[in-house]
Amino acid sequence: MRRNSAIRLVRGATRLTTLVAACAASLASLAQGGLDWPQWRGPDRDGISKETGWVVEGKPEHLWSKNVGLGYSSVVVANGRLFTNGYDEATQEDVIWCLDAVTGREIWSHRYPSEKWALYHGGGTNSTPTVDGDRLYVGERKGHLFCFSAADGKVIWKKNLVEEYGVQLPTWGLAGSPYVLGDMVYMNAGLVLAFDKMTGDLKWKSANLGHAYSTPIDFEQSGRPLLAVFNGNGLAILDRKDGSTVSMHEWKTRHDVNAATPIVIGDRIFISSGYGRGCAMLSLSDGGVSVAWENKNLKNQMSGSVLYKGHLYGFDEPSRFKCMDVEGNVKWDERGLGHGCVSMAGDKLLVMTGRGELIIADATPEGFKPLSMAKVLNGGECWTTPVLSHGLIYVRNSLGHLVCRDHRSGANP
């Protein structure tokens, strides 16, 4: 073997050993009892983490912060790594980031030309990535869909949904996240496209359902695998086997924006929209969809609600945070928090206010009961869902300021 080749092999092995050691150290420093958050709305796709062992009062200083570029994409966390994306205005590129979840250190990034697309808001990326095993799936507002190696960011396959399948982009660009289920990855792009997640081969595409800003949710009815898709025309129920439309409930809004992910509650589905439209509980049957009730008590314009013990918690446009039972009755109404978003961990609400405050509160219909509050972000819009994973809480604003807060119990690792 030539000396230079041997040196390259040794250097390569050294880099690999260093990377493995860094990943091991990062994983070791994650909270005991912690859980990954690998996709939009978390492990169970309901906006709730079942993680225990974290503390309400976080440490006063940020663990780390980083500017990841303009946009509203949330973060996902898996195997000690954090993934998100943003728009670099200086280079006019979208950037997909892979960071160490504990330190914020960049592991890899992938850039490609894009545009700001700032229409009545700050612009930048919309969609949240999805981790599935050793792969990372990323959709974006102009209709590109990528499958990466999560380890090193190499592109495994990619699609241009506009050029290849005739997708028509909505006013604010596509915003739904890749939805991985079984052997498939589903992408809501007005028409829903189902791809083989390993090869990228198209398996089916649905009819055009209108402007696409939301992520679907799966469920079964009488043993039949279905997909609920909330688009500009309303709520469509699709057969997951072939994409055929099983039923359609019309639900139109101003600007055709239905952005919140539907919530399946037994044999019912909750939908909610902003722009003065309101919310509804729809009953599912083999014969289709019917309205159980409808009112204007909870209008989710951007961020969806979370369901906990028969109660929905969410932002009612423009700046009210509410608790409503599943029959549509408001239990409490907290005003003045601004246009924010919410997720949950255990029985605690993680509320990101429009003013950049992170509030942790009990999830109870007895009233809004904050347990802690910290000013964590300045400026921009705070429409990005907060994420708790392995005792760390991640928040981000539209300016790209990503902050990691330490809520692990015990001393710093």
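Some notes on this structure:
- For beta carbons closer than 8 Å, sequence separation of 6+ or different chains, a first residue in the stretch 34-55 that is without any contact (Cβ under 8 Å) to a residue 60 or more places away in the chain and a second that is among the acidic types (Asp, Glu) and in a loop (DSSP other than H, G, I, E, B), the qualifying pairs are Pro43/Asp36.
- Tallying residues that are surrounded by fewer than 14 Cβ atoms within 10 Å (Cβ to Cβ) and outside any strand (DSSP E or B) within the stretch 91-114 yields 3.
- Where strands (runs of 3 or more DSSP E) sit wholly within the stretch 180-258, those with at least 2 residues that are of a type in the set (Ser, Thr, Tyr) occupy 245-250.
Each row is one residue, and each column tells you yes or no for (1) under 15 Å from Ile263 (Cβ atoms); (2) in contact with a Gly (Cβ under 7 Å, 6 or more places away or on another chain).
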position: Ala292; (1), (2): yes, no
position: Gln301; (1), (2): no, yes
position: Lys331; (1), (2): no, no
position: Leu337; (1), (2): no, yes
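- If the condition is being assigned to a strand (DSSP E or B) and of a type in the set (Ser, Thr, Tyr), then the stretch 128-172 contributes Thr130, Tyr137, Ser149.
- Scanning the stretch 78-90 for residues that are in a strand (DSSP E or B) and either closer than 17 Å to Arg111 by Cα or within 11 Å of the chain's Cα centre (by Cα) (or both) yields a count of 7.
- Top-ranked residue in the stretch 302-311 [being part of a loop (DSSP other than H, G, I, E, B) and at pLDDT 95 or above; ranked as surrounded by the most Cβ atoms within 10 Å (Cβ to Cβ)]: Gly304
- Among residues that are in contact with a Cys (Cβ under 9 Å, 6 or more places away or on another chain) and of a type in the set (D, E, K, R), Lys154 is not included.
- Flag if Val155 is of a type in the set (A, V, I, L, M) and out of contact with any Leu (no Cβ under 7 Å at 6 or more places or on another chain): yes
- Only one of Ser283, Ser290, Ser222 that is among the small types (Gly, Ala, Ser), surrounded by fewer than 18 Cβ atoms within 10 Å (Cβ to Cβ) and either touching a helix residue (DSSP H, G or I) at 6+ places or on another chain (Cβ under 7 Å) or on the phi > 0 side of the Ramachandran plot (or both): Ser222
- Residue in the stretch 213-223 that is free of Cβ contacts under 8 Å to residues at least 24 places away in the same chain and closer than 30 Å to Arg135 by Cβ present: yes
- Residues in the stretch 352-369 that are closer than 15 Å to Arg396 by Cβ and among the aliphatic types (A, V, I, L, M) were compared, and the one that is farthest from the chain's Cα centre (by Cα) is Leu358.
- Subset tally (residues that are in contact with a strand residue (DSSP E or B) (Cβ under 6 Å, 6 or more places away or on another chain) and within 17 Å of Arg41 (Cβ to Cβ)) for the stretch 262-293: 7
- Qualifying residue in the stretch 360-378 (condition: in contact with a Pro (Cβ under 6 Å, 6 or more places away or on another chain), without any contact (Cβ under 8 Å) to a residue 40 or more places away in the chain, closer than 20 Å to Trp37 by Cβ and surrounded by 17 or more Cβ atoms within 10 Å (Cβ to Cβ)): yes
- Test: residue in the stretch 377-387 that is farther than 27 Å from Gly122 by Cα, at pLDDT 95 or above and either assigned to a loop (DSSP other than H, G, I, E, B) or out of contact with any Phe, Trp or Tyr (no Cβ under 7 Å at 6 or more places or on another chain) (or both): no
- Arg320 meets each of the listed conditions (1) under 22 Å from the mean Cα position of the chain (by Cα); (2) buried (at least 23 other Cβ atoms within 10 Å of the Cβ) apart from (2).
- Positions within the stretch 171-202 being over 25 Å from Gly42 (Cβ atoms), surrounded by 17 or more Cβ atoms within 10 Å (Cβ to Cβ) and more than 19 Å from the chain's Cα centre (by Cα), in sequence order: Leu191
The values are calculated or read from the model by the stated rules, or taken from the named source; none is laboratory data. Just so we're clear, the structure is a prediction, and the values are computed from it rather than from any experiment. Ideal geometry is used to build each Cβ from the backbone, glycine not excepted, and the neighbour counts take in all protein chains shown.
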